[in-house]
Amino acid sequence: MTTTPDSGPRPRTSTPTAQHRTRFFDHRIPSLYAGRYQLDNRQILRAVDGDDRVIDATPQPFDVVQPRFSISPAGINARFPVPDAVGTYSQTLPHLNLDAPALPWNRPLGSGHPDEVPWLALLLFREDELPEDPDAVGIVTAGTVREYLDGQLGPGKAPVLPPESMRPDEYDEHCATVLVPAALFDAVAPLPVEMGYLAHVREGGPPDATRAGDDPEPDEKELNAIVVANRFPAATGGRHVLHLVSLEGFAPYLTGPAPAEGVRLTSLTSWTFTSEPDSGTGFGDVCQHLATTDGDTPRPEAELRLRVPAAAPQRPTAPQREALDRMAQGAVALPQRLETGERTVAFHRGPLTAQPTHELPDPEEIRLTSPGEALIYLEEYGVFDTAYAAAFTAGRLLALADDGFRSALMEFRSAARTAVRRLASHPQLAGRAVSARELTAPLAFEAFDRMLLDDDGARFTRAVDGAGPDLRAGRRRSLATGARRTPADPRALLAEPGVAEALTRAAADEFRTVTAWLDRLRRLEMLGLEHLVPDGRALPPESIRFAYADPCWIRAAVDGALSIGVGHALDADLNKLATTGGPVPACAVLLHSELVPNWPRTIVTAYSGSTAVEPLRSAVYGTDTQLLLYPRLIDRFELAEPPRGICFGIGDVGTIELREISGDCIGYPKGEFPPPPPADDSRFRRFLRPGGRDVLNVHGSGDALVPALSAAHGVPRISSAQFALQLINAPQVQTFSRP
């Protein structure tokens, strides 16, 4: 197996098959902003020979009412991170999903700003930043709107709102406020132009099959407003609080310094979460280490096969070449002590190999009865290959250790021996469907039962009535001439059609127990990791290895299990009935990594061509080693990050995924951004504002993200919807492909 040419973990994006559609729109500008309005009506009557008469109707005031100082919890669809969540979020930009798609744009930020600039912003604060909430637990100062606008809720500049924009009843509404110091506000507050990029409209609904190839009109029922924070949680961890604040009345301070006393913002809603310290190793980092040697160079194929690394001399001799070839197949060299007392070296391996193994004769041609028969002697070099002998011994020991299997095997053989001898002695039973009772019960009992049932008992009555006279007359019942049959050979009888199936019914429950146990052995369920990987150097920590499964090794283990209690040749022949079980694995994947305990919901997918292949078995050894067995050879293997909802941020390797913004493949990946930098560059960190507060420089001075993304796409300026598309932090996937 080899890694994909672009070896970094990729977002999991492929041809869409889900029954949903997700689209992003720049904004939702209302036809009429929230506020107070008056409808004036004037009529002019045109006179024929005099002055026109003007009639002014009574003005009709009306209000467009929208949330201004608070929003109902029912109007919030989702928050990320969820309230009170605990996790590693240092690479994620928190966001809020609002039910009303036009809420961020239902009133202007202030004069001189474009319509697409919202009046809301999502601000992130850490511990020891807010004077009134040093522990970042969500403490706010509450009061009425009148008290807030009059500056009675504490220090901090309150907004100056036009009195004509306030409804009388609004002054008595309650609101929550938060004091933000001037230096902190200047550091984290978004610029007006950035606010337009930090809010967009999302549509998620079923695909419109009636308009294939077109862009359907937005589904009003599926539209939501998304507001994204411009700041990353601290990599050192700690509690964080998020406030959806109104910046109405604070527009001058977004482009200029905040007042010295700080600003007191309205918090329409807030929630807290805890970010755990970022160890610097995430899902993408772990996958990248599995697939690459230095973060960019794919690991060579040899490193991904299950074998112990061995340095070959420049000019190996024939014995050295033989040893290297066997080690390349996955064998290891171990000390061996022969029965004669001599000490030598033997090759040993388990059922998993680095290369396809040689085929052995079919079971009909050879069946192992002892470990010695499975030894392979390399006469030219005077050493043994003990792989199949070890397999036979392992299967035998496992069978001896399992009382349930031993008992079922012995009982099955006993019943089958009785049944096959019954069929050999009474050929009339062969060739027809017979019950287990007919094959195993004593014949006298069967004859007596038939006598009772024939002719509704008349036959039994006649036998009883005639028994006395026959005995007194000295008459004895004898077989008719020519009725004797020569018993057939039981072993030869096994090859006749239908006999094998009949014998399995002789002890059906025990037979099912035996075959189920052997199927488990074929899936390597009862073997420890030391049988699968005899040498730990073949599977070091933080590694992934691919291997072939040797069917001959598995067959030898099955022969070893069936070898217990064999008394004669008929028992060995009966073993054959239990060897036609479930499928044997064709290949395996072994993962020794912290992915196993730390990301237990990792999506593992294997493919043969374009067809997904389900594993025969998935097992975890210890805490950090996982085995996956597949019934057929796979061409591609994927490790995908556990699924999650749409969120925004950067990947574990410090990049985002550029996505198509036009054409028929909108949203499809087109490469990492920024590209691999020089060694002294910090990649994505260059798009953060100076000051060390992890605030994203969306479109400010210096190295800003929007201009860089626009240049990467070759357009003058991307839109807010396109910007959101680039920041989607999709689950990452690492692909390994077989050459």
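Table: residues versus (1) at pLDDT below 90; (2) in contact with a helix residue (DSSP H, G or I) (Cβ under 8 Å, 6 or more places away or on another chain).
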residue	(1), (2)
ALA47	yes, no
ARG53	yes, no
PRO59	yes, no
ILE71	no, yes
ASP84	no, no
THR92	no, no
ALA102	no, no
ARG107	no, no
PRO114	yes, yes
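Checking the conditions here, which among PRO108, PRO114 is surrounded by 18 or more Cβ atoms within 10 Å (Cβ to Cβ) and assigned to a loop (DSSP other than H, G, I, E, B)? Explain how you work it out, then say what you get.
On the way: PRO114 fails: surrounded by 18 or more Cβ atoms within 10 Å (Cβ to Cβ).
Matching residue, one of PRO108, PRO114: PRO108.
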Pairs, first of a type in the set (Asp, Glu) in region 398-419, second buried (at least 23 other Cβ atoms within 10 Å of the Cβ), C-beta under 6 Å, six or more apart: GLU411/ALA507
Residue check, THR369 β-branched (Val, Ile, Thr), over 30 Å from ASP571 (Cβ atoms) and surrounded by fewer than 19 Cβ atoms within 10 Å (Cβ to Cβ): no
Only listed residue being under 28 Å from ALA234 (Cβ atoms) and exposed (fewer than 13 other Cβ atoms within 10 Å of the Cβ), chosen from ASP133, ASP128: ASP128
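Residue-by-condition table, conditions (1) under 30 Å from ARG299 (Cβ atoms); (2) charged (D, E, K, R):
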site	(1), (2)
LEU503	no, no
ALA507	no, no
VAL514	no, no
GLU530	yes, yes
ARG545	yes, yes
TRP553	yes, no
VAL566	no, no
Residue that is touching a helix residue (DSSP H, G or I) at 6+ places or on another chain (Cβ under 8 Å), at pLDDT 85 or above and not hydroxyl-bearing (Ser, Thr, Tyr), where the choices are ARG636, ARG659: ARG659
Region 285-300 residues that are touching a residue at least 12 places away in the same chain (Cβ under 8 Å), paired with ones that are part of a helix (DSSP H, G or I) (beta carbon under 7 Å, 6 or more apart): VAL286/LEU595; GLY295/GLN288; PRO298/ALA291; ARG299/ALA291
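Considering only region 183-216, state which residues are in a helix (DSSP H, G or I), farther than 18 Å from LEU124 by Cα and modelled with pLDDT of 55 or more. Spell out the reasoning first.
Going residue by residue through region 183-216, those that are in a helix (DSSP H, G or I) are 183-188, 192-197, 209-211.
Those still in the list that are farther than 18 Å from LEU124 by Cα too: 193, 209-211.
Scanning region 183-216 gives a single hit, VAL193.
Given the criteria of a type in the set (Lys, Arg), surrounded by fewer than 21 Cβ atoms within 10 Å (Cβ to Cβ) and within 20 Å of the chain's Cα centre (by Cα), does ARG636 qualify?
Values: of a type in the set (Lys, Arg): yes; surrounded by fewer than 21 Cβ atoms within 10 Å (Cβ to Cβ): yes; within 20 Å of the chain's Cα centre (by Cα): yes.
Against the criterion (of a type in the set (Lys, Arg), surrounded by fewer than 21 Cβ atoms within 10 Å (Cβ to Cβ) and within 20 Å of the chain's Cα centre (by Cα)), ARG636 qualifies.
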Every residue from region 160-205 that is among the hydrophobic types (A, V, I, L, M, F, W, C), under 18 Å from ALA721 (Cα atoms) and buried (at least 23 other Cβ atoms within 10 Å of the Cβ): MET195, LEU198, ALA199, VAL201
From THR340, THR293, THR357, THR353, residue being among the hydroxyl-bearing types (Ser, Thr, Tyr) and exposed (fewer than 12 other Cβ atoms within 10 Å of the Cβ): THR340
Flag if ARG231 is of a type in the set (Lys, Arg), outside the structural domain of ASP133 (by TED's automatic domain parsing) and surrounded by 13 or more Cβ atoms within 10 Å (Cβ to Cβ): no
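Pick from ALA387, ALA374: which is at pLDDT 85 or above, within 44 Å of the chain's Cα centre (by Cα) and within 27 Å of ALA549 (Cβ to Cβ)? If you could, list the steps in order and put the result at the bottom.
Numbers: ALA374 fails: at pLDDT 85 or above.
Being at pLDDT 85 or above, within 44 Å of the chain's Cα centre (by Cα) and within 27 Å of ALA549 (Cβ to Cβ) holds for just one of ALA387, ALA374, which is ALA387.
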Those residues of region 141-159 which are buried (at least 20 other Cβ atoms within 10 Å of the Cβ), touching a strand residue (DSSP E or B) at 6+ places or on another chain (Cβ under 7 Å) and of a type in the set (A, V, I, L, M, F, W, C), in sequence order: VAL145, LEU153, ALA158
Identity of the residue in region 372-422, closer than 30 Å to THR353 by Cα and of a type in the set (S, T, N, Q), that ends up surrounded by the most Cβ atoms within 10 Å (Cβ to Cβ): THR386
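The values are calculated or read from the model by the stated rules, or taken from the named source; none is laboratory data. Being a predicted model, the structure only gives us computed values, none of them experimental. Positions of Cβ are backbone-derived with ideal geometry, glycine not excepted, and every protein chain shown enters the neighbour counts.
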